[in-house]
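The values are calculated or read from the model by the stated rules, or taken from the named source; none is laboratory data. From a predicted model like this one, the values you see are computed outputs, not experimental measurements. Ideal geometry is used to build each Cβ from the backbone, glycine not excepted, and the neighbour counts take in all protein chains shown. Just so you know, the surface numbers come from the protein's heavy atoms only, side chains and all, with ligands and any DNA or RNA stripped out. Shrake-Rupley method; radii C 1.70, N 1.55, O 1.52, S 1.80 Å.
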Amino acid sequence: MPRATTKTDLVKTANEQFGALWKLVDSLSGGVQNASFNFGDDFVLKQKEAHWGRDKNVRDVLVHLYEWHKLLLNWVRCNKSGVSEPFLPKPYNWKTYGQMNVEFWQKHQTTPYELSQKMLKESHAEVMKMIETFPDDELFEKAHFAWVGTSSLGSYCVSVTSSHYDWAMKKIKQHIKTCEKPE
């Protein structure tokens, strides 16, 4: 799927991917929704990304998406109001954000699965509402806002929505495969 370069494409793709994510989640039986991931040590060790060992169930994936929505919303809100904030909160940067993801994971270990669904649906709606407040040039012109650096605000929005939803679906599909394997 090509990366969105207009607000119309961004909104369409984000909502389509979000819908596909919920279709997948809703297709899971209660047992699979709440089952621990069991990808197997061999599979996890072969993966380069730390998330394969970090997230333990579907709830962990949903709250991860929620927390990244909140990062985007806070970053945009602060900077639009004149408070200069980086996208990643201190002390994190793009080399150390993995530890931030672990902290998000730890924070939500007592969050009920049903609440994780509600939180994500609400944060997605907030992100989409926020996106609608920007015209195309503000979303996709590189360095339009000084606080975005050399990228575009739309690029961050794509990463936090449709690209992240795609990541989540791949992980949940792997969980489904694992649950379907005969013992």
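Over region 5-118, consider all pairs of different Cα atoms and compute the Kirkwood hydrodynamic radius from their mean reciprocal separation; express it in Å, one decimal.
Working: mean 1/r = 0.0615 Å⁻¹.
Computed over region 5-118, the radius equals 16.3 Å.
Rolling a 1.4 angstrom probe over the protein heavy atoms, how many square angstrom per residue are accessible across the chain? Before the final figure, lay out the partial values.
Values: 9990 Å² over 183 residues.
Each residue of the chain exposes 55 Å² on average to a 1.4 Å probe.
For region 117-178, build the charge dipole from Cβ charges (+1 Lys, Arg; -1 Asp, Glu) around the Cα centre, then report which of 148, 163, 178 sits farthest towards its positive end.
178
Under the Kirkwood approximation applied to all pairs of distinct alpha-carbon atoms, what is the hydrodynamic radius of region 139-183 in Å?
For region 139-183, inverting the mean 1/r across all distinct Cα pairs yields 12.5 Å.
Any idea how far the Cα center of region 109-183 sits from the one of region 1-56, in Å?
Computed from Cα coordinates, the inter-centre distance equals 10 Å.
How long are the three semi-axes of the equivalent ellipsoid for region 26-183, computed from the Cα gyration tensor as the root of 5 times each eigenvalue, in whole Å, largest first?
Details: eigenvalues 195, 56, 42 Å².
For region 26-183, the ellipsoid semi-axes come out as 31, 17, 14 Å.
Starting at the first residue of region 22-39, write each ³J(HN,Hα) from the Karplus equation 6.51 cos²θ - 1.76 cosθ + 1.60 with θ = phi - 60°, in whole Hz, x for Gly and Pro.
Karplus values, whole Hz, x for Gly and Pro: 5, 4, 5, 4, 5, 6, 6, 5, x, x, 6, 4, 9, 6, 6, 5, 9, 6.
I'd like the carbon and sulfur percentage of the solvent accessible area for region 80-146, probe radius 1.4 Å, heavy atoms only, ligands and nucleic acids excluded.
Values: 2390 of 4290 Å².
Carbon and sulfur: 56 percent of the exposed surface of region 80-146.
With all protein chains present and a 1.4 Å probe, how do 48, 170 order by accessible area, largest first? Don't skip to the end; give the middle numbers.
Working: 48 195, 170 120 Å².
Putting 48, 170 in descending order of accessible area: 48, 170.
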